1. Quick check, is GLU97 at negative phi, in contact with a Phe, Trp or Tyr (Cβ under 7 Å, 6 or more places away or on another chain) and either among the charged types (D, E, K, R) or in the same structural domain as LYS574 (by TED's automatic domain parsing) (or both)?
2. Being closer than 30 Å to GLY390 by Cβ, assigned by TED's automatic domain parsing to the domain that holds ASN228, over 15 Å from the mean Cα position of the chain (by Cα) and among the polar types (S, T, N, Q) is true for just one of SER354, SER328. Which residue is that?
3. When you check GLU559 against the structure, is it among the charged types (D, E, K, R) and more than 30 Å from ILE316 (Cα to Cα), yes or no?
4. Out of the residues in segment 507-538 that are surrounded by fewer than 24 Cβ atoms within 10 Å (Cβ to Cβ) and hydrophobic (A, V, I, L, M, F, W, C), state the one that is nearest to the chain's Cα centre (by Cα).
5. Conditions first: (1) in a strand (DSSP E or B); (2) free of Cβ contacts under 8 Å to residues at least 24 places away in the same chain. ALA460 passes all but one, so which condition is the exception?
6. Please enumerate the residues belonging to segment 327-351 that are polar (S, T, N, Q) and either touching a Leu at 6+ places or on another chain (Cβ under 6 Å) or in a helix (DSSP H, G or I) (or both).
7. Filter segment 442-468 down to the residues that are in contact with a helix residue (DSSP H, G or I) (Cβ under 7 Å, 6 or more places away or on another chain) and modelled with pLDDT under 95, then identify the one that is nearest to LYS574 (Cα to Cα).
Amino acid sequence: MNTQILEVTQRIIERSKETRRAYLEKIENARRQGPHRGALSCGNLAHGFAACGQSDKADLRSMTKANVAIVSSYNDMLSAHQPYESYPAIIKQAVNEVGSVAQFAGGVPAMCDGVTQGQTGMDLSLMSRDVIAQAAAVALSHNMFDAAMMLGICDKIVPGLLLGSLSFGHLPTVFVPAGPMPSGLPNKEKARVRQMFAEGKADRDALLEAESQSYHSAGTCTFYGTANSNQLVVEMMGLHLPGSSFVNPGTPLRDALTKAAAVQATRLTDLGDNYTPIGHIVDEKAVVNGLVGLLATGGSTNHTMHLIAVARAAGIIVNWDDFSDISSAVPLLTRIYPNGSADINHFVAAGGMSLLFKELLGAGLLHNDVKTICGEGLEAYTKEPFLADGKLEWRDGPQSSHDKEVLATVEAPFKPDGGLSVLEGNLGRAVLKTSALRSPHCHIKAPAVVFEDQFELDEAFKSGALNKDCIVVVRFQGPSAIGMPELHRLTPPLGVLQDKGYKVALVTDGRMSGASGKVPAAIHVTPEAIKGGLLAKVHDGDIIELNTETGELTLCVDEATLAAREAQAANVTKHHVGMGREMFGGMRMNLTGAEEGACSLFVTQE
């Protein structure tokens with residue numbers, strides 16, 4: 001086992017000793033009090049199965065048959081979640097065939113950052129994760145269930161479902177993906193058209209046609225953003241069936257995996273001898289395995305918040321230093337857009353999850369002494385699912401990559417590290433995704449151009465005011481300010497400046513997330529500007545130094561000058577009204593900083 005991975009794991013265990021102990025005690029108490037319908041009164045129970053058929057009612061009255069909760073993020077406006085429409089019927093039938101019952105326990109909201117990007121609705125995006133967690137908890141709160149199945153894919157949905165599930169950590173829980181859409185317009189071509197549009201060289205019709213050819217059918221977007229990072233991390237943590245993360249929707253194999261996941265959920269309940277609750281699966285080693293998988297593939301920087309919050313829900317304390325140290329120990333093994341030109345389907349064709357597990361296990365980079373929904377250890381995850389005469393089986397995966405431009409080996413990786421840098425200096429702490437940069441490291445020292453709002457940049461770009469070496473500062477974008485929206489609309493113009501030969505970078509207390517690309521972006525700056533961060537004192541023309549080799553993020557202004565400066569007052573009230581944002585004021589006030597997960601759920605526990 002890699003010594004650095006072991007050291008990080010051990011310090012997480014030590015740091016989390018008390019909180020993890022309290023969590024395990026909590027879920028053991030919940031186990032003793034449930035999950036059994038026998039704890040319900042006759043009136044409670046009658047309400048719980050009133051709409052069931054007679055056979056299911058008899059099974060639920062008997063107290064000997066498992067009842068599986070289905071919690072789904074289905075809606076038919078979002079391509080990734082539209083396939084879930086048919087899943088409840090598939091699950092109910094599969095569970096019924098093995099003598100148990102499944103009930104649709106509740107739906108959770110699912111919003112798409114792709115639809116809300118650059119729009120006012122994006123201000124709700126990060127906060128929707130905590131709403132999803134609460135909605136999942138409400139769905140499970142009836143004490144009717146022996147196990148749960150979580151149906152979710154995209155950016156905030158899976159982290160929210162994890163948070164909700166871990167609050168019911170005594171329940172065995174299986175996560176069920178829906179898979180990516182088939183490949184459409186190549187990502188490199190899509191990025192080219194976007195940049196041409198930003199330069200005024202392509203019209204809106206050409207842009208819409210390119211986007212429509214890229215996002216063209218049911219399924220997850222095929223680039224390696226937060227949605228597909230979610231799926232990879234959840235499989236790494238042992239909460240998916242092996243090889244199920246990236247099977248396309250609407251295929252016989254996808255349906256067979258959904259049925260198998262349903263059956264597996266019934267095997268893990270406290271009614272049998274194989275009780276495996278999610279709170280026992282998600283331990284310190286499983287969290288580290290998730291981090292290793294994320295960093296070895298150059299996954300979404302959103303998880304520098306999401307995985308911290310998820311770990312906290314299981315009583316485990318993780319910080320950015322853990323990310324940084326694991327990143328330095330783990331080589332970059334994939335090139336999937338925006339870290340390359342391939343998409344997630346190309347990754348599957350090159351060897352996919354089974355080969356990734358083989359490489360990481362073989363190099364001692366994953367903990368193998370873990371529990372999963374399939375039992376002890378990760379060997380099952382080195383196999384691939386296939387249909388043979390209509391029956392699902394797992395076979396040994398490939399022994400080597402079918403495309404070494406997409407999936408590399410530990411011995412010959414794309415980079416010796418995982419491509420995530422943690423920066424620190426008088427401006428605070430931030431993260432920067434280096435895996436997609438043109439060079440392995442980034443060192444820029446340039447004057448600041450300061451914006452209070454992402455939309456202010458457009459005019460400066462069009463006027464030519466940014467045609468110079470500069471570090472663009474976009475502040476008052478953090479969790480407590482406006483909910484920490486993603487700022488991807490900044491990428492095309494900054495990319496144009498970079499292609500013109502200017503040295504440019506972005507520094508912000510907002511997010512860029514899974515689609516962070518070739519423009520260096522120091523994101524999630526904490527403390528955020530509205531909470532006293534030095535970002536609020538940056539002036540146009542101030543020199544900022546950003547250096548991933550030394551880990552510096554420094555405002556090069558002397559302390560006396562900074563002490564004499566007044567912090568810029570935040571003008572964010574316009575972001576607090578409209579599009580439902582006025583209803584989230586209380587949540588914004590309670591959000592922790594980015595390095596604490598930007599989470600509102602644990603305030604009363606501190």
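1. no
2. Going through SER354, SER328 in turn, just one is closer than 30 Å to GLY390 by Cβ, assigned by TED's automatic domain parsing to the domain that holds ASN228, over 15 Å from the mean Cα position of the chain (by Cα) and among the polar types (S, T, N, Q): SER354.
3. Yes, satisfied.
4. Out of the qualifying residues, it is VAL519.
5. Result: ALA460 fails condition (1) only.
6. Scanning segment 327-351 gives SER327, SER328, THR334, ASN345.
7. Applying the filter and picking the extreme gives GLN454.
To keep it simple, each residue is scored yes or no on (1) β-branched (Val, Ile, Thr); (2) in the same structural domain as PRO109 (by TED's automatic domain parsing); (3) buried (at least 17 other Cβ atoms within 10 Å of the Cβ); (4) at negative phi.
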{"position": "CYS556", "(1), (2), (3), (4)": "no, no, no, yes"}
{"position": "ARG565", "(1), (2), (3), (4)": "no, no, no, yes"}
{"position": "GLY585", "(1), (2), (3), (4)": "no, no, no, yes"}
{"position": "THR592", "(1), (2), (3), (4)": "yes, no, yes, yes"}
{"position": "SER600", "(1), (2), (3), (4)": "no, no, yes, yes"}
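The values are calculated or read from the model by the stated rules, or taken from the named source; none is laboratory data. Every value quoted in this text rests on a predicted model; they were computed, and no experiment measured them. Cβ coordinates were reconstructed from backbone atoms using ideal geometry, including for glycine residues, and neighbour counts include every protein chain displayed.
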